[in-house]
1. If you scan segment 105-128, which residues turn out to be within 16 Å of the ligand (Cβ to nearest atom) and more than 27 Å from residue 183 (Cα to Cα)?
2. Considering only segment 131-183, how many residues are more than 14 Å from residue 63 (Cβ to Cβ) and outside any helix (DSSP H, G or I)?
3. Determine whether segment 204-212 contains at least one residue that is surrounded by 13 or more Cβ atoms within 10 Å (Cβ to Cβ), touching a residue at least 60 places away in the same chain (Cβ under 8 Å), more than 8 Å from the ligand (Cβ to nearest atom) and not in a strand (DSSP E or B).
4. Looking at segment 75-118, which of its residues are surrounded by fewer than 14 Cβ atoms within 10 Å (Cβ to Cβ) and in a loop (DSSP other than H, G, I, E, B)?
5. Out of curiosity, is residue 151 crowded, with 17+ Cβ neighbours inside 10 Å, more than 11 Å from the ligand (Cβ to nearest atom) and farther than 30 Å from residue 182 by Cβ?
Ligand code: HEC
């Protein structure tokens with residue numbers, strides 16, 4: 001008895017839903033009613049999408065903080081002592097600044113590249129390599145490298161990447177026409193250096209931000 005009542009109830013509900021959906025298609029004025037009927041998974045997805053946008057803004061701010069501090073320090077060091085002296089900025093200062101920004105913002109910020117200079121640092125893992133390749137494809141299709149970003153939530157991890165275009169100042173140590181002093185220093189410090197031969201506007205790599213959403 002109870003069971004059949006339930007079945008009837010369900011049937012009424014289902015047909016009502018069906019009817020309403022059809023009506024909505026004809027009359028957009030009823031759209032809010034359809035939204036109220038949104039299923040739980042859809043609502044969850046919507047909540048996640050909002051979070052993702054907020055997280056992406058947070059990540060972008062962290063990356064900008066790292067990028068501008070790094071570039072500022074690099075330019076100052078280049079002016080003060082030239083590229084050989086300034087190498088320490090990319091070597092020691094970059095991870096230091098990344099660590100400071102990470103602690104301050106509660107995220108892990110780093111830099112990765114498909115063509116690494118330091119084989120122990122900034123080697124892209126599998127998902128990062130995929131995103132870097134995707135950035136290359138988009139750039140080849142005409143997208144501005146300065147605008148290339150990637151954001152996704154995988155399990156309990158928020159993952160963000162922002163492309164790093166090669167600027168003119170970078171060419172002193174990552175370009176095609178390096179000074180003999182720079183070349184000598186690089187081959188001394190990084191015998192397996194792959195991070196040369198770039199032109200202005202090329203993708204030097206990307207900033208990576210990872211945030212554990214369960215803390
Ligand atoms: C004075 C020389 C110098 C200049 C100028 C320079 N870099 Fe570097 N860069 C290095 C060195 C040295 C490393 C390796 C750092 C290490 O040991 O971890 C490096 C590493 C990197 C890495 C990490 C991935 C890798 O290849 O190991 C990125 C990304 C990077 N540089 C981007 C840039 C960008 C972007 C600019 C311009 C804004 C720039 N660099 C300018 C010397 C330089």
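A short reminder: the numbers here are calculations on the coordinates, not readings from a lab. These numbers come from a predicted model, not from an experiment. Here Cβ is always computed from backbone atoms with ideal geometry, including for glycine, and neighbour counts include all displayed protein chains.
1. 108, 109, 125, 128
2. 17
3. Checked segment 204-212: no residue is surrounded by 13 or more Cβ atoms within 10 Å (Cβ to Cβ), touching a residue at least 60 places away in the same chain (Cβ under 8 Å), more than 8 Å from the ligand (Cβ to nearest atom) and not in a strand (DSSP E or B).
4. Scanning segment 75-118 gives a single hit, 106.
5. Against the criterion (crowded, with 17+ Cβ neighbours inside 10 Å, more than 11 Å from the ligand (Cβ to nearest atom) and farther than 30 Å from residue 182 by Cβ), residue 151 qualifies.
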